[in-house]
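Each remark here refers to the structure printed beneath this line.
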Amino acid sequence: MTRAADHVDAHEWHRYVELRDGTRVLLRQIRPEDRDRLAAGFEQLSPASRYLRFHSALDHLSPQHLDYLTVVDHVDHEAVVAVDLERPESPGIGVARYVREPYEHEVAEAAITVADEYHGQGAGTLLLGALTDRAKTNGITVFRNYVLEGNHAMLEVFDHLGGIRSRENDNLWRVDLPLPSTLDELPDSAAGKAFLAAARGQRHLVSLFPPIWSRLKGRRRDRTEDDEAAAAFDEIESRRADGDS
């Protein structure tokens, strides 16, 4: 029997948290029966969001994509979904995913996708914190991310978090983000608090601090920059799914 989106079994990893606007969220591991929700969520993404995520003008998720994205082993390939508990039958808030690199056992390519309507509410930060918790449990110490040259806000966020850049080509950076060895090593910052909230299920902590991008380099941003940075931080994207289509 297919489980409801907001139902969890005792053995499933899950956390209950809140977005900045008070939306109650369930973070849980992805399931094969999430494929229809994933497909519906993709259809609702704007063309700009699709491009930021897949680095190409992908217009649909094929059956092969959906199999790959929902049938995972939760060790070498893990995915965490964020479910809006007030709208459990909706496509959902977002998905965070890592795939272990075959020749670097402690490195995983990471990706986070957040629905357009939830941008700027801290969903990406929470998903990254949850994914970090799952990765650490499975022996992963570095997240590898691929960022387009023009995505300045995302590159700045990774710089702030200690990411190590290397050039892939004229239009693409590879950024390796070392993960903290323990949760106690997380910085006393917006990002650190959000990671901790997601990992420990401290649901009310998330709404108590401003977005990380408002603190970068101690400078203020105007509304347009806030929106761009919020969307970028909520849209860490890998090339993995597109490459396996």
- Using the per-residue mean of other Cβ atoms lying within 10 Å as a proxy for protection, in what order, highest first, do the peptides 66-77, 26-37 fall? 26-37, 66-77
- Item | Gain in span if fully extended, Asn138 to Trp13, counting 0.36 nm per residue against the direct Cα distance | 43.7 nm
- Say R0 is 30 Å: what FRET efficiency, to the nearest 0.05, do Ser62 and Glu168 get from their beta-carbon distance? 0.75
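Readers should treat all values here as calculations from the given coordinates under stated rules, not as data from a laboratory. Just so you know, these numbers come straight off a predicted model, no measurement behind them. Please note: Cβ atoms are built from the backbone with ideal geometry, for glycine as well, and neighbour counts cover all protein chains shown.
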